[in-house]
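See below for the structure under consideration.
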Amino acid sequence: MFVAAAVQLTSSSGSEANWKGARDLIERAAGLGAQLVATPENTNYLGPHAEKVRLAEPLDGPTCSRFGELAARLQIHLLLGSFNEVSDDPERCYNTSVLFGPDGAQRATYRKIHLFDVDVSKEVRFSESATVKPGDRTVTVETPLARLGLSICYDLRFPELYLQLVAAGAEVLTVPSAFTATTGKDHWHALLRARAIESQCYVIAPAQSGRHDDEGIRESYGHAMIVDPWGQIVAMASDGPGLAIAEIDLGRVRWCRKAIPVADHRRL
């Protein structure tokens, strides 16, 4: 059993303010006993999209260095939910999650596979693929706490991804996100609970919340949460920056999988 925390932020184009806000909440979570802390999608930058590409960094750049050093200082596993990683395409960057161990070393990286290209309404029109290059591989990582399966935001709508993560041994799924307010109010809770129930995993979902300065078109839904493998929401953040923090009991994962052995029953 261990304690995990999902961080809720309101990131902007101000990288220093984003760093300080994330650092303060990560420190608070560690002070409350969290051994695994996860931040949202776009932790370090959520502003005009062209600038996101221009400001993209390598995995050994200042953003990852800061978060690695923080993980080492606090002696925690720390998931940088995502940052804008430089790619080989000058017009696009990767949207990348990075897991740091308690020694500050990078234990895993995951590049977002499914990109948010939608036309829901006048308020929610988005073409993530214009500035982001998709990843092409699923990622699970063994830690002393649990085996984690990594994903990012819009991935949440693709259950086949999570079935692959479970087949690779995942017990805890991470879904750092910046869900829009429009889609979040109807889909966020339902999708997170569905992924937890069908995978029989804990789901840790850090979130962006509120309005950002990305050309005035984005408001994020918030409601960072942790869901248990029975589909129960065991922790959820309030409005604005904050934390959702809960105990993760892998015995509950084993119980759910024994009680309803869907892996043994799957026929397709």
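Which residue pairs have Cβ atoms closer than 7 Å, lie 6 or more positions apart in sequence or on different chains, and pair a first residue in the range 1-26 that is surrounded by 21 or more Cβ atoms within 10 Å (Cβ to Cβ) with a second residue that is assigned to a strand (DSSP E or B) and among the basic types (Lys, Arg)?
Final answer for the pair search is none.
If I filter the range 27-56 down to residues being in contact with a Leu (Cβ under 8 Å, 6 or more places away or on another chain) and surrounded by fewer than 19 Cβ atoms within 10 Å (Cβ to Cβ), which single residue comes out as farthest from residue 133 (Cα to Cα)?
For the range 27-56, the residue satisfying everything is 32.
For the range 224-254, enumerate the residues that are out of contact with any Leu (no Cβ under 7 Å at 6 or more places or on another chain) and either of a type in the set (Phe, Trp, Tyr) or free of Cβ contacts under 8 Å to residues at least 60 places away in the same chain (or both).
228, 229, 230, 231, 232, 233, 234, 236, 238, 239, 252, 254
With 267, 195 as the choices, which residue is of a type in the set (Lys, Arg), within 21 Å of residue 139 (Cα to Cα) and free of Cβ contacts under 8 Å to residues at least 60 places away in the same chain?
Residue meeting the stated conditions: 195.
Filter the strands (runs of 3 or more DSSP E) completely within the range 209-268 down to those with at least 1 residues that are under 18 Å from residue 29 (Cα atoms).
Output list reads 225-227, 233-236, 242-248.
Only residues that are surrounded by fewer than 17 Cβ atoms within 10 Å (Cβ to Cβ) and in contact (Cβ under 8 Å) with a residue 40 or more places away in the chain: list them for the range 255-264, please.
Residues satisfying the conditions are 260, 262, 263.
Evaluate the range 84-95: report whether one residue or more is crowded, with 17+ Cβ neighbours inside 10 Å and under 19 Å from residue 149 (Cβ atoms).
yes
Do we have any residue at all in the range 186-202 that's modelled with pLDDT of 95 or more, under 20 Å from residue 35 (Cα atoms) and outside any helix (DSSP H, G or I)?
Scanning the range 186-202 turns up at least one residue that is modelled with pLDDT of 95 or more, under 20 Å from residue 35 (Cα atoms) and outside any helix (DSSP H, G or I).
Of the residues 59, 80, 99, which is among the hydrophobic types (A, V, I, L, M, F, W, C), surrounded by fewer than 18 Cβ atoms within 10 Å (Cβ to Cβ), touching a strand residue (DSSP E or B) at 6+ places or on another chain (Cβ under 8 Å) and closer than 30 Å to residue 2 by Cα?
59
Does residue 117 meet the test of being under 19 Å from the mean Cα position of the chain (by Cα) and over 21 Å from residue 40 (Cβ atoms)?
no
The values are calculated or read from the model by the stated rules, or taken from the named source; none is laboratory data. Please read these numbers as outputs of a predicted model, since none were measured by experiment. Using ideal geometry, Cβ is built from the backbone for each residue, glycine included, and neighbour counts are taken over all protein chains shown.
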